[in-house]
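Working notes, structure below.
The values are calculated or read from the model by the stated rules, or taken from the named source; none is laboratory data. Not measured: the values here are computed from a predicted model. All Cβ positions, glycine included, derive from the backbone under ideal geometry; neighbour counts span all protein chains shown.
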Amino acid sequence: MLMIRIGTSGFSFDDWKGTVYPQGLKKNDWLAFYEKELGFKALEVNFTYYALASQKSFEGMSRKTSDDFEFVVKAHRDMTHNIRDRATKKIVDTGSVCEKFIFSLEPLMRDKKLSCVLMQFPFSFHCSRDNVEYLRRIRDLAAGIPVVVEFRNRAWLREETFSFLREHDMGYCAVDEPRLKGLVPFVSETTSSIGYLRLHGRNKKWFDSPMSVRYNYCYTDEELKGFVGPVRTMDGRVRKMLVFFNNCHAGHAAKNAVRMAHMLLGDKTV
């Protein structure tokens, strides 16, 4: 039986008003609409990259969703991006922010709605010995919590990386993004019981571009069909398959996620 969850990377965007959400719908009702009307059963929470959430915030989100709804929570930037001292360039101790982040997840874990934590590292996170050691420390700090890792730097695409992730029970986040030098191409790899595909769009104005430009891309049906076979293959290797669209500008992600759900699941719940 297919265990594929499809959704978007975030749901609370002002430019979704009138395109995804009805013009008069209150923001407080957007999450319920996301599940009940759009039909999604999973959400990738992205605001946690910028600010540590409170348990109260997650309690509220849990209350607004059904018992079988699941959340992926993106790690705070001080766990993935701001991890080196600017002067010495050495990796700093991120234990404190990790503890606060994990503490905030308690309501989702209690309600059995935490699917996993997504750790998305920047292009500047190179495939080096100290960065591998950092991944090992993160795994220890987040013991008992499913973790999926997304790389942006192509140098990580090697068998040693996949072996390391398998050994430490960390998922690999397959990505679709612009085919530019140095960026990670789509590879349908799985390294834990969770399969993950994150679609960013293919806007070639990627480096040094604001998010409103970088993620302004809408996949065609033909492009989406190209993922149907690989996603089903990945799903056959894991306990759960997650597919999220991060091309959120102007509601493209929601539109593409609905189409992808129809292609993969037909009328089944996404």
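Checking each residue in region 197-222 for being modelled with pLDDT of 95 or more and over 20 Å from the mean Cα position of the chain (by Cα) picks out THR220, ASP221, GLU222. For ILE145, the test of being free of Cβ contacts under 8 Å to residues at least 60 places away in the same chain and either assigned to a loop (DSSP other than H, G, I, E, B) or hydroxyl-bearing (Ser, Thr, Tyr) (or both) is passed. Look through ARG202, ARG232, ARG237 and report the one residue that is of a type outside the set (Asp, Glu), surrounded by fewer than 18 Cβ atoms within 10 Å (Cβ to Cβ) and in contact (Cβ under 8 Å) with a residue 60 or more places away in the chain. The match here is ARG232.
Note on region 27-55: residues that are more than 17 Å from the chain's Cα centre (by Cα), touching a residue at least 40 places away in the same chain (Cβ under 8 Å) and over 20 Å from LYS255 (Cβ atoms) amount to 2. Is it the case, given these coordinates, that VAL175 is of a type in the set (A, V, I, L, M, F, W, C) and surrounded by fewer than 16 Cβ atoms within 10 Å (Cβ to Cβ)? It is false that VAL175 is of a type in the set (A, V, I, L, M, F, W, C) and surrounded by fewer than 16 Cβ atoms within 10 Å (Cβ to Cβ). Just one of (1) touching a helix residue (DSSP H, G or I) at 6+ places or on another chain (Cβ under 7 Å); (2) surrounded by fewer than 21 Cβ atoms within 10 Å (Cβ to Cβ); (3) farther than 20 Å from VAL117 by Cα fails for GLU189. It is (3). Starting from residues that are under 19 Å from the mean Cα position of the chain (by Cα) and among the aliphatic types (A, V, I, L, M), keep the ones in region 82-122 and report whichever is surrounded by the most Cβ atoms within 10 Å (Cβ to Cβ). Checked region 82-122; the qualifying residue surrounded by the most Cβ atoms within 10 Å (Cβ to Cβ) is LEU118. Screening region 62-81 for residues that are assigned to a loop (DSSP other than H, G, I, E, B) and crowded, with 21+ Cβ neighbours inside 10 Å and picking the one that is farthest from the chain's Cα centre (by Cα) gives THR65.
Conditions tested, residue by residue: (1) over 22 Å from TYR217 (Cβ atoms); (2) at pLDDT below 95; (3) in contact with a His (Cβ under 9 Å, 6 or more places away or on another chain); (4) assigned to a loop (DSSP other than H, G, I, E, B).
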site	(1), (2), (3), (4)
VAL117	yes, no, no, no
GLU133	yes, no, no, no
ALA155	yes, no, yes, no
SER163	yes, no, no, no
ARG166	yes, no, no, no
VAL175	no, no, yes, no
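Scanning region 1-40 for residues that are of a type outside the set (Gly, Ala, Ser), within 25 Å of ARG239 (Cα to Cα) and part of a strand (DSSP E or B) yields ILE4, ARG5, ILE6, THR8.
Determine if region 112-123 includes at least one residue that is on the phi < 0 side of the Ramachandran plot and without any contact (Cβ under 8 Å) to a residue 24 or more places away in the chain. The answer is no; no qualifying residue exists.
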